[in-house]
Every structure is written in structure tokens, then in C-alpha cells.
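Asks: A single structure is presented below for examination.
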Amino acid sequence: MQNLVTSLQSCCDDRSQLWRIIQDIRRTLRLAPEYRIQKVDRHSNCVAHCLSHLALRRKESAVWRFNAPECAGLSLWLKRL
């Protein structure tokens with residue numbers, strides 16, 4: 001099967017076992033043109049993973065304007081090196 005990102009970005013029909021899911025995602029993305037699908041490096045995925053787990057544990061909303069949460073801050077700092 002092709003890379004999922006490539007399949008979603010392509011306008012061609014997908015013949016994989018996941019074609020119905022891919023079609024559903026494409027339809028959903030057409031409704032929200034400000035969103036896009038792109039491949040991210042492993043480091044960026046680690047930050048997203050950290051933030052999603054943090055959000056699941058929190059009971060209230062939070063906004064970090066100048067400092068990242070500790071779990072993401074280390075990963076972001078390491079990327080700058």
C-alpha cells in the first residue's frame with residue numbers, strides 16, 4: 001500500500017483495502033480547506049504524542065503562549081541543537 005499521506009494528497013482513486021476510509025477523509029478535508037495533510041518527522045510526532053496525552057489527563061483547558069509544557073519543551077529544545 002502507498003504511504004497514507006501520498007494517498008490522501010493524490011486525486012487518483014486508491015485501490016488499497018483502506019479506500020473507503022481514504023475517501024471519507026478526503027471528503028472531510030474538502031469541507032475544511034484550511035486543514036492539510038502532511039508527513040512530519042518522528043520528532044514532531046513525539047511532541048504531538050506528548051501534548052495529546054497531556055490533554056487527556058487534564059480536566060481544564062490550557063493555553064501555552066510563551067512556554068511549552070515540560071514534556072514538549074525538552075523535545076522542542078533538542079530540535080534546536
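The values are calculated or read from the model by the stated rules, or taken from the named source; none is laboratory data. Everything numeric here is computed off the predicted structure, so don't read it as measured data. Note that each Cβ is placed from the backbone with ideal geometry, even for glycine, and that neighbours are counted across all protein chains shown. In case anyone asks, the SASA skips ligands and DNA or RNA and just uses the protein heavy atoms, side chains included. Shrake-Rupley method; radii C 1.70, N 1.55, O 1.52, S 1.80 Å.
Asks: What pairs come out if I take residues in the stretch 15-40 that are free of Cβ contacts under 8 Å to residues at least 40 places away in the same chain and closer than 11 Å to VAL5 by Cα and pair them with residues that are assigned to a loop (DSSP other than H, G, I, E, B) and open to solvent by less than 100 Å² (accessible area, probe 1.4 Å) whose C-beta lies under 6 Å away, six or more apart or interchain?
Replies: ILE22/ASP14
Residue-wise test of (1) loosely packed, with under 10 Cβ neighbours inside 10 Å; (2) modelled with pLDDT of 85 or more.
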position	(1), (2)
GLN2	no, no
VAL5	no, no
LEU8	no, no
ASP14	no, no
GLN17	yes, no
GLN23	no, yes
ARG26	no, yes
ARG30	yes, yes
VAL47	no, no
